[in-house]
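Trainee: Can you keep this structure in mind? I'll have questions shortly.
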Amino acid sequence: MSQIGSESQPLRVAIVGAGPAGFYVAEHLLKQKDLVIEIDMFDRLPTPFGLVRNGVAPDHQKIKSVTKVFDRIAARPGYRFFGNVELGTDISVDDLRSHFHQIVYSTGAQTDRYLNIPGIDLKSSHAATQFVAWYNGHPDYRDFEFDLSQETAAVIGIGNVAVDVARILCRSPEELFETDIADHALRALSESRIKDVYMVGRRGPAQGAFTPPELKELGEMQDADVVVLPSEAELDDLSLAVMADADRGTERKVELIQQFSRREQTGKTRRLHLRFLVSPVELTGDEDNCVNSMKLVRNELYATDAGTLRPKSVDEFEELPVGLVFRSIGYRGVPLEGVPYNENWGVIYNEAGRVMKLDTRKPLLGEYTAGWIKRGPSGVIGTNKPDAMETAENMIKDLASGRVLSPVQPNATSLETFINDRQPDYFSYADWQRLDDLEKELGAAIGRPRIKFTRVDEMIAAKNRQV
Ligand code: NAP
C-alpha cells in the first residue's frame with residue numbers, strides 16, 4: 001500500500017472554519033515539501049476570513065489587508081474552499097471522518113461572556129459581539145436593531161473590542177463613509193443621536209486590556225473629545241509599585257490616559273468618557289423595559305497571592321443615566337456537536353491542538369483544533385500563526401507515526417459530489433473572489449472600499465448571476 005501523504009495517496013485534511021487560524025494551519029501543512037496534502041476548508045458563511053471580515057473594525061482597513069496572505073495560501077495547489085457549508089447541518093463529524101484522514105476545528109469564539117447583573121437582559125442592553133457583527137455585515141445579525149436615538153451609551157469592559165465599539169459609536173458619518181462598514185449600519189449610525197459614550201473599566205489605567213495604538217486612536221477622532229477624570233488617571237499605590245517593573249506598553253497606556261485627563265474639551269459633538277475602578281452592579285429599566293440607568297460601584301485594587309491586582313468593591317455608588325449598553329467582557333466559544341468541549345473554559349478539550357477524549361484524556365484519533373476555540377479568545381490575528389503551527393506540527397508527527405483516520409472515501413472528487421448533493425449553493429474560493437470583486441466595484445462607484453453583501457440569499461443570487 002502506498003504511503004499516506006504521497007502523490008498516489010495525498011493526506012486529506014478538513015479544516016472547519018475559514019478564519020486566520022484555519023488559514024495558518026493550511027499554510028503550514030501546504031508548505032511541507034515531502035508531503036502531498038489536500039486541504040478542504042469549510043465555512044458556514046459563503047465568505048471566508050472569520051473575524052477579519054466580521055470582527056475587525058471597519059475603520060481598521062490596514063489590518064484587513066492580511067487577507068492578501070490568505071489569498072496566497074488559497075492559491076496553493078491542494079487547497080479548496082467550501083463556503084456556505086455548515087458543520088452539523090450540511091455535513092456531520094462522521095461525514096468528515098469518512099472523507100478525511102485529519103480534521104481541524106478552527107471555528108473561533110462565536111458568542112460572548114455573559115455578565116450576570118440585574119437588568120442585563122433589558123431591551124437596550126446587548127453583547128458587544130452582536131453590535132460588532134451587525135456593523136460588519138454578518139448575515140446572522142443583519143436584522144438586529146440598536147436604539148441609537150439614545151443620547152448616552154455605555155460599554156462595559158476596556159479591552160480592544162470595547163475600544164472598537166466605543167470608537168464606532170463616536171465616529172462621524174464622514175469617517176464611517178470611508179470604511180467598509182455595512183450599509184445598514186452606516187445609515188443607522190449616521191442618524192445616531194448619541195452624544196456621550198462611557199467605557200467602564202473595573203480596574204485602573206495600568207490594567208487596561210486595550211493596547212497603546214488603539215488607545216491613542218481614541219484621542220484622534222474627528223468629532224469626539226476623549227474625557228478622563230484626573231482622579232481616575234492617578235495610579236493607586238499598588239499600581240505605582242508595579243510600574244517600576246512594567247513593560248513599555250503599560251507605561252505608554254498610563255501616559256496616554258494621563259495626557260487625556262489633562263486635555264481641555266474642544267466642543268466636539270461627542271464625548272468618550274474612559275472610566276476606571278468602577279463596576280456595573282445593576283441596570284434599571286423604564287416602563288418599556290429599556291435601560292435608563294446603570295448603577296456603578298467604586299473599586300479598590302488588592303494584590304492576590306500570585307501578585308495580580310484584582311478589583312474589590314467599596315461602599316460607594318453612582319448612577320449613570322445611560323439608554324444603551326454593550327457588555328464587552330470577552331468572547332466565548334460554542335461547542336460543536338460530537339466534539340469534546342471544556343465547558344469551564346469555553347474551548348474544545350485539547351492538548352497542544354490535539355482534541356482529547358473527555359473520559360480517558362487521551363488524544364482523539366485524527367481530530368485537532370486551532371485558534372480561539374483551542375486557546376480561548378486572546379491575542380491578535382498574528383497570535384494565531386504560532387498557535388496554528390503547533391497544531392499542524394502535531395498533525396505531521398501523528399501522520400508520521402501512522403495515527404490518522406481511515407476514511408472510506410479519501411478522495412477529492414467524492415467529497416465534492418457529496419457537498420454538491422448536500423449544499424448545491426456552496427461557494428468555491430473562485431465564487432468568493434467574484435463576490436469580493438463585485439463588493440469592491442460597488443464600493444468604488446461611490447468612493448468606498450466596498451459595499452458588503454449582508455444576506456446569504458443575496459450572495460447566492462449574485463453568484464448565480466455571474467456564473
Ligand atoms: P479582553 O481583551 O479580554 O478584554 C476584556 C475586558 O473585559 C477587560 O477590560 C476585562 O477587565 C473586562 N472584564 C472581564 N470581566 C469583567 C466583569 N465581570 N466586569 C467588568 N469588566 C470585566 O477581550 P476583548 O476586548 O473581547 O478582546 C479579545 C481579544 O481580541 C484580545 O486579545 C484583543 O486584544 C483582541 N482584539 C484586538 C484588536 C486590535 O488589535 N485592534 C481589536 C479587537 C480585539 P479585567 O482586565 O479586569 O479582567
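Trainee: Are any residues in region 184-211 more than 10 Å from the ligand (Cβ to nearest atom) and among the polar types (S, T, N, Q), and if so, which ones? Give the derivation first.
Mentor: Taking region 184-211 and keeping what is more than 10 Å from the ligand (Cβ to nearest atom), we get 184-198, 205-206.
Listed by number, the residues that qualify are 190, 192.
Trainee: Condition test on residue 288, is it in contact (Cβ under 8 Å) with a residue 60 or more places away in the chain, open to solvent by 80 Å² or more (accessible area, probe 1.4 Å) and over 29 Å from residue 213 (Cβ atoms)? Talk me through it step by step, then tell me what you get.
Mentor: Numbers: in contact (Cβ under 8 Å) with a residue 60 or more places away in the chain: yes; open to solvent by 80 Å² or more (accessible area, probe 1.4 Å): yes; over 29 Å from residue 213 (Cβ atoms): yes.
Answer is yes for this residue.
Trainee: Another question, if that's okay. Please list, ordered by residue number, the strands (runs of 3 or more DSSP E) wholly in region 70-142 having 2 or more residues that are under 25 Å from residue 450 (Cβ atoms).
Mentor: Values: elements: 79-83, 102-105, 125-127.
By residue number, 79-83.
Rundown of residues vs (1) within 16 Å of the ligand (Cβ to nearest atom); (2) crowded, with 21+ Cβ neighbours inside 10 Å, yes/no style:
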| position | (1), (2) |
| --- | --- |
| 40 | no, yes |
| 48 | no, yes |
| 60 | yes, no |
| 65 | yes, no |
| 68 | no, no |
| 80 | no, no |
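Trainee: When residues of region 164-183 are filtered for being of a type outside the set (Gly, Ala, Ser), within 20 Å of residue 380 (Cα to Cα) and either within 7 Å of the ligand (Cβ to nearest atom) or touching a strand residue (DSSP E or B) at 6+ places or on another chain (Cβ under 7 Å) (or both), how many remain?
Mentor: Total satisfying the criteria: 2.
Trainee: Go through 356, 389 for me and flag whichever is among the aliphatic types (A, V, I, L, M) and open to solvent by 70 Å² or more (accessible area, probe 1.4 Å).
Mentor: 389
Trainee: Scan region 120-135 and report the pairs whose first residue is within 18 Å of residue 334 (Cβ to Cβ) and touching a residue at least 24 places away in the same chain (Cβ under 8 Å) and whose second residue is assigned to a helix (DSSP H, G or I) and within 14 Å of the ligand (Cβ to nearest atom), with Cβ atoms within less than 6 Å and a gap of 6+ or a chain change.
Mentor: Correct list of pairs: 128/161; 128/165; 133/54.
Trainee: Would a scan of region 38-58 turn up a residue that is over 29 Å from residue 341 (Cβ atoms), in a loop (DSSP other than H, G, I, E, B) and not basic (Lys, Arg)? Steps first, answer last, please.
Mentor: Initial filter on region 38-58 (over 29 Å from residue 341 (Cβ atoms)): 57-58.
Next, only the ones that are in a loop (DSSP other than H, G, I, E, B) stay: 57-58.
Right, trim to not basic (Lys, Arg) and you get 57-58.
Taking every residue of region 38-58 in turn, at least one turns out to be over 29 Å from residue 341 (Cβ atoms), in a loop (DSSP other than H, G, I, E, B) and not basic (Lys, Arg).
Trainee: Quick one: which residue in 23, 81, 70, 42 is out of contact with any strand residue (DSSP E or B) (no Cβ under 9 Å at 6 or more places or on another chain) and in contact (Cβ under 8 Å) with a residue 24 or more places away in the chain?
Mentor: Numbers: 23 fails: out of contact with any strand residue (DSSP E or B) (no Cβ under 9 Å at 6 or more places or on another chain); 81 fails: out of contact with any strand residue (DSSP E or B) (no Cβ under 9 Å at 6 or more places or on another chain); 42 fails: out of contact with any strand residue (DSSP E or B) (no Cβ under 9 Å at 6 or more places or on another chain).
Being out of contact with any strand residue (DSSP E or B) (no Cβ under 9 Å at 6 or more places or on another chain) and in contact (Cβ under 8 Å) with a residue 24 or more places away in the chain holds for just one of 23, 81, 70, 42, which is 70.
Trainee: Turning to a different aspect of this structure: Step by step: first the residues of region 82-101, then only those that are open to solvent by 20 Å² or more (accessible area, probe 1.4 Å) and among the small types (Gly, Ala, Ser), then the one that is nearest to residue 33 (Cα to Cα). Which residue is that?
Mentor: Among them, the one singled out is 98.
Trainee: Determine, yes or no, whether residue 424 is surrounded by 18 or more Cβ atoms within 10 Å (Cβ to Cβ), outside any helix (DSSP H, G or I) and either more than 27 Å from the chain's Cα centre (by Cα) or of a type outside the set (A, V, I, L, M, F, W, C) (or both). Break it down stepwise before answering.
Mentor: On the way: surrounded by 18 or more Cβ atoms within 10 Å (Cβ to Cβ): no; outside any helix (DSSP H, G or I): yes; either more than 27 Å from the chain's Cα centre (by Cα) or of a type outside the set (A, V, I, L, M, F, W, C) (or both): yes.
No, not satisfied.
Condition check ((1) within 16 Å of the ligand (Cβ to nearest atom); (2) closer than 19 Å to residue 164 by Cβ; (3) open to solvent by less than 50 Å² (accessible area, probe 1.4 Å)) across all residues:
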residue: 213; (1), (2), (3): yes, yes, no
residue: 216; (1), (2), (3): yes, yes, no
residue: 229; (1), (2), (3): no, no, no
residue: 236; (1), (2), (3): yes, no, yes
residue: 246; (1), (2), (3): yes, no, yes
residue: 264; (1), (2), (3): no, no, no
residue: 269; (1), (2), (3): no, no, no
residue: 295; (1), (2), (3): yes, no, no
residue: 306; (1), (2), (3): yes, no, no
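Trainee: Condition first: away from the ligand (no atom under 16 Å from the Cβ), out of contact with any helix residue (DSSP H, G or I) (no Cβ under 7 Å at 6 or more places or on another chain) and open to solvent by 10 Å² or more (accessible area, probe 1.4 Å). Can you find one or more residues in region 102-116 that meet it?
Mentor: No, because not a single residue in region 102-116 is away from the ligand (no atom under 16 Å from the Cβ), out of contact with any helix residue (DSSP H, G or I) (no Cβ under 7 Å at 6 or more places or on another chain) and open to solvent by 10 Å² or more (accessible area, probe 1.4 Å).
Trainee: Of all residues in region 310-324 being open to solvent by 70 Å² or more (accessible area, probe 1.4 Å) and away from the ligand (no atom under 16 Å from the Cβ), which is nearest to residue 166 (Cα to Cα)?
Mentor: In this case the residue turns out to be 321.
Trainee: In region 248-262, how many are farther than 17 Å from residue 199 by Cβ and either crowded, with 16+ Cβ neighbours inside 10 Å or not assigned by TED's automatic domain parsing to the domain that holds residue 302 (or both)? Show your work before the answer.
Mentor: Applying the first criterion (farther than 17 Å from residue 199 by Cβ) to region 248-262 yields 248-252, 255, 262.
After this cut, where a residue has to be either crowded, with 16+ Cβ neighbours inside 10 Å or not assigned by TED's automatic domain parsing to the domain that holds residue 302 (or both) as well, the list is 250, 252.
Of the residues in that region, 2 qualify.
Trainee: Search region 359-383 for residues being over 19 Å from residue 17 (Cβ atoms) and touching a strand residue (DSSP E or B) at 6+ places or on another chain (Cβ under 9 Å), and hand back the single one that is most open to solvent (accessible area, probe 1.4 Å).
Mentor: Filtering region 359-383 for residues that are over 19 Å from residue 17 (Cβ atoms) and touching a strand residue (DSSP E or B) at 6+ places or on another chain (Cβ under 9 Å), the one most open to solvent (accessible area, probe 1.4 Å) comes out as 361.
Trainee: Now a separate question. Quick one: would you say residue 279 is in the same structural domain as residue 316 (by TED's automatic domain parsing), more than 27 Å from the chain's Cα centre (by Cα) and open to solvent by less than 60 Å² (accessible area, probe 1.4 Å)?
Mentor: Numbers: in the same structural domain as residue 316 (by TED's automatic domain parsing): yes; more than 27 Å from the chain's Cα centre (by Cα): no; open to solvent by less than 60 Å² (accessible area, probe 1.4 Å): yes.
No, not satisfied.
Trainee: Another one. As an exercise: evaluate residue 341 against (1) within 26 Å of the chain's Cα centre (by Cα); (2) within 16 Å of the ligand (Cβ to nearest atom); (3) modelled with pLDDT of 95 or more and give the number of the one condition it does not meet.
Mentor: (2)
Trainee: Exactly one condition in (1) within 15 Å of the ligand (Cβ to nearest atom); (2) surrounded by 12 or more Cβ atoms within 10 Å (Cβ to Cβ); (3) assigned by TED's automatic domain parsing to the domain that holds residue 164 is not met by residue 347; state its number.
Mentor: (3)
Trainee: May I pose another question? Looking at (1) more than 12 Å from the ligand (Cβ to nearest atom); (2) touching a residue at least 60 places away in the same chain (Cβ under 8 Å), which is the one condition that is false for residue 376?
Mentor: Here residue 376 meets the rest and fails (1).
Trainee: Restricting the first residue to region 348-372 and requiring it to be more than 15 Å from residue 338 (Cα to Cα), which pairs with a second residue that is part of a loop (DSSP other than H, G, I, E, B) and open to solvent by 40 Å² or more (accessible area, probe 1.4 Å) meet a Cβ separation below 8 Å and a spacing of at least six or different chains?
Mentor: From region 348-372, the pairs are 372/378.
Trainee: Could you please let me know if residue 301 is of a type in the set (A, V, I, L, M, F, W, C) and closer than 25 Å to residue 164 by Cα?
Mentor: Numbers: of a type in the set (A, V, I, L, M, F, W, C): yes; closer than 25 Å to residue 164 by Cα: no.
No.
The values are calculated or read from the model by the stated rules, or taken from the named source; none is laboratory data. It should be emphasised that the depicted structure is a prediction, and the values quoted were computed from it without experimental measurement. Using ideal geometry, Cβ is built from the backbone for each residue, glycine included, and neighbour counts are taken over all protein chains shown. The area values use the complete protein model at the heavy-atom level, side chains included, leaving out ligands, DNA and RNA. Shrake-Rupley method; radii C 1.70, N 1.55, O 1.52, S 1.80 Å.
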